[in-house]
Amino acid sequence: MTLSVALRHRFGGFDLDVAFDAGPGVTALFGRSGAGKTTIVNAVAGLLRPDHGQITLDGTRFDTLPVHRRRVGYVFQDARLFPHMTVADNLDYASRYGARASDRPRIIEMLGIGALLDRRPATLSGGEKQRVALGRALLSNPRLLLMDEPLAALDGPRKAEILPYLDRLKAETGVPILYVSHAVDEVARLADHMVLLAGGRVARAGPLFDVMADPAAVPLLGVREAGAVLRARVVEHGEDGLSTLQLAAGTIQLLGVQAPVGAEVRLRVLAQDVLLSLTEPQGLSAQNILPVTIRTIRAGDGPGAAIALDAGGDALLARVTGRAVQSMGLVEGQQLFAVIKATSVAQSAISGGAT
Amino acid sequence: MMLDAAGWTALRLSLLVGVTATLVALPLAIWIAWLLARREFWGKSALNALVHLPLVLPPVVTGYLLLIGFGRNGPAGRFLEETFGLVFAFRWTGAALAAGIMGFPLMVRAIRLAIEAVDPKIEDAARTLGAPGWAVFGSITLPLILPGVLAGAVMGFAKAIGEFGATITFVANIPGETQTLPSAIYALLQVPGGEDAAIKLVIWACIIALGAVALSEWLARRVARRIAGA
């Protein structure tokens, strides 16, 4: 299923004009607050009527339908459970219209909410509420899932509690998911495609791995958040806590990898954590050294420059100063070495089961 | 506190008038309150003013307007009599109509406040789950505003029971037909030696009013507990 969105909407001095497609899997709508993300999902859900626009699902006009006939599962930032109903009643409310009661046990099991069924929303924790909201959205038998920053209202541990469920959800349900977020780590972990929004426009769109490795995306993601996402396979877990992972260009050692041996994981390597060396470094405390080729060099607005690297087919992104580019004489096509510190890839940036 | 036959008749009639007025006006009040709280439309201010009119007009004026409109020769009165055989003039139904209209603004205000307190985002969530508008109202909005609806109903009922000016102007003061509790008290106070009977009715009026308030408080607490899910 493919969702095609083309919208123009003007409100309060803000001008939204976007067009993008969202295919199967998770499409992340990423942008800072006020970039128009929620406006877009509300228009897809039918809760907002845009000034102009056309939304189609597999080529069929979709935005002419009233909200209740669109069959979108909408997971809101604030859960929005019905306060006067138990968890079970909240779930039944969705299946009453979605008529997918047969999936109820599987969804309850997947989200781990079986023990909560008799409880009222007021007695649930933030993470539990959000899991119930997910289940409720799924039970409405949606053709499309909309998630508007479902983790933004949760603290770190609660987020960590939900993320594995989102991984499972993505793996087990075939519906396209439009996932709104301004947290790069969530997007890097979950998304297959990425639509970068800035000032009401689509600044970049494409497969996640491409967008994240695009030097032009650095200012949009923020210089501290930018960094390529790589696919890696877990080779072994060492007794000292370091795990070995296989990349296209070689192996690297990282801390805190939870996935089992043989699993394919995603690594988000921040651009500011990649060092460049013209010669193969010797006697360095950092052990992860990959031979790379410079694809492009993009000077930033400030003193920095973003450098796209090819590491045996994998894309890496490094951020160095413009002065370093000058003094090292870096040019496109040049071969050199990238150094990644083992401790610099945060645990949260390593996700299991992703492809 | 035993009442004489005339007193009982007035009390029974007052309850009949109050209950009828409340039950008939309540669905309409919920609808109008919902319109005012949730919808934008042309003439909304005018509707709001119209609803509040009985609250600010002298009751005698409301009663007189009812007499002109719903009397036997009034346009609405004639239409209703010819179409449904419904007569208001000098009947207890007229007293109920007057009582309902006087209590209406109080009902609408209480219910509107309750609806405005319901987060529309919750209703949006229900719509995205596939519930059509009427089902959202019935399954989400109505249960959540129930305390407000009860409060409005009790206010309307209390007003209906106590309504005097519009009633006596519209349907006069006919014992057994349109003589409600306030009219009976008023009539008793006009004749020498009527105070004893009047004071009994006054006490009954107090009992009914306090009982209604206590009942609504109790119901609202129960409903609030159920909704909050504690």
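Can you find a residue in region B:79-89 that is in a helix (DSSP H, G or I) and touching a residue at least 12 places away in the same chain (Cβ under 8 Å)? Step through it out loud before you land on a result.
Taking region B:79-89 as the starting set, the residues that turn out to be in a helix (DSSP H, G or I) are B:79-84.
Now drop any that are not touching a residue at least 12 places away in the same chain (Cβ under 8 Å), which leaves none.
Scanning region B:79-89, I find no residue that is in a helix (DSSP H, G or I) and touching a residue at least 12 places away in the same chain (Cβ under 8 Å), so the answer is no.
Kindly check whether there is at least one residue in region B:95-115 that is closer than 30 Å to residue A:86 by Cβ and surrounded by fewer than 19 Cβ atoms within 10 Å (Cβ to Cβ). Break it down into steps so the answer makes sense when it comes.
Initially, region B:95-115 is screened for residues closer than 30 Å to residue A:86 by Cβ, giving B:110-115.
This time we only want the ones that are surrounded by fewer than 19 Cβ atoms within 10 Å (Cβ to Cβ), so: B:113.
Checked region B:95-115: at least one residue is closer than 30 Å to residue A:86 by Cβ and surrounded by fewer than 19 Cβ atoms within 10 Å (Cβ to Cβ).
All but one of (1) out of contact with any Asp or Glu (no Cβ under 9 Å at 6 or more places or on another chain); (2) more than 20 Å from residue A:178 (Cα to Cα) hold for residue A:132; state the number of the condition that does not hold.
Condition not satisfied by residue A:132: (2).
Give the residues of region B:36-66 that are crowded, with 18+ Cβ neighbours inside 10 Å and closer than 15 Å to residue B:115 by Cβ, sorted by residue number. Quick ask: steps written out before the conclusion?
Taking region B:36-66 and keeping what is crowded, with 18+ Cβ neighbours inside 10 Å, we get B:36-37, B:51, B:54, B:59, B:62-63, B:65-66.
Hits for region B:36-66 are B:36, B:37, B:51.
Quick one: what pairs do we get from region A:316-342, first residue over 14 Å from residue A:292 (Cβ atoms) and free of Cβ contacts under 8 Å to residues at least 24 places away in the same chain, second surrounded by 18 or more Cβ atoms within 10 Å (Cβ to Cβ) and among the small types (Gly, Ala, Ser), C-beta under 8 Å, 6+ apart or different chains?
From residues that are over 14 Å from residue A:292 (Cβ atoms) and free of Cβ contacts under 8 Å to residues at least 24 places away in the same chain, the pairs are A:321/A:304; A:321/A:305; A:322/A:304; A:322/A:305.
So residue A:129 passes all but one of these: (1) surrounded by 19 or more Cβ atoms within 10 Å (Cβ to Cβ); (2) closer than 22 Å to residue A:27 by Cβ; (3) more than 10 Å from every other protein chain (Cβ to nearest Cβ); (4) under 23 Å from the mean Cα position of the chain (by Cα). Which condition number does it fail?
So the condition that residue A:129 fails would be (2).
Please work out if residue A:336 is modelled with pLDDT of 90 or more and touching a Ser or Thr at 6+ places or on another chain (Cβ under 7 Å).
Values: modelled with pLDDT of 90 or more: yes; touching a Ser or Thr at 6+ places or on another chain (Cβ under 7 Å): yes.
So residue A:336 passes the test.
Does at least one position in region A:94-112 carry a residue that is crowded, with 24+ Cβ neighbours inside 10 Å and within 14 Å of chain B (Cβ to nearest Cβ)?
Among the residues of region A:94-112, at least one is crowded, with 24+ Cβ neighbours inside 10 Å and within 14 Å of chain B (Cβ to nearest Cβ), which makes the answer yes.
Considering region A:115-126 alone, what residues qualify as being part of a helix (DSSP H, G or I) and either closer than 13 Å to residue A:89 by Cα or in contact with a Pro (Cβ under 8 Å, 6 or more places away or on another chain) (or both)?
Within region A:115-126, the subset part of a helix (DSSP H, G or I) is A:115-116, A:121-123, A:126.
Within region A:115-126, A:116, A:121, A:122 meet the criteria.
May I ask you to verify whether residue B:148 is within 28 Å of residue B:219 (Cα to Cα), within 14 Å of chain A (Cβ to nearest Cβ) and within 19 Å of the chain's Cα centre (by Cα)? Spell out the reasoning first.
Numbers: within 28 Å of residue B:219 (Cα to Cα): yes; within 14 Å of chain A (Cβ to nearest Cβ): yes; within 19 Å of the chain's Cα centre (by Cα): yes.
It is true that residue B:148 is within 28 Å of residue B:219 (Cα to Cα), within 14 Å of chain A (Cβ to nearest Cβ) and within 19 Å of the chain's Cα centre (by Cα).
Just checking: which of the helices (runs of 4 or more DSSP H) contained wholly in region A:175-294 hold 1 or more residues that are touching a strand residue (DSSP E or B) at 6+ places or on another chain (Cβ under 8 Å) and modelled with pLDDT under 90? Talk me through it step by step, then tell me what you get.
Details: elements: A:184-190, A:208-212, A:218-221.
Per the criteria, A:184-190, A:218-221.
Just to be sure I understand the filter: pairs with C-beta atoms under 8 Å, separated by 6 or more residues or on different chains, first member in region B:51-71 and over 10 Å from residue B:101 (Cβ atoms) and at pLDDT below 90, second member of a type in the set (Phe, Trp, Tyr) and part of a loop (DSSP other than H, G, I, E, B). Which pairs pass?
Hits for this filter: B:71/B:88.
The values are calculated or read from the model by the stated rules, or taken from the named source; none is laboratory data. Since we're looking at a predicted model, the values are computed, not measured. We place every Cβ from the backbone using ideal geometry, glycine too, and count neighbours over all the protein chains shown.
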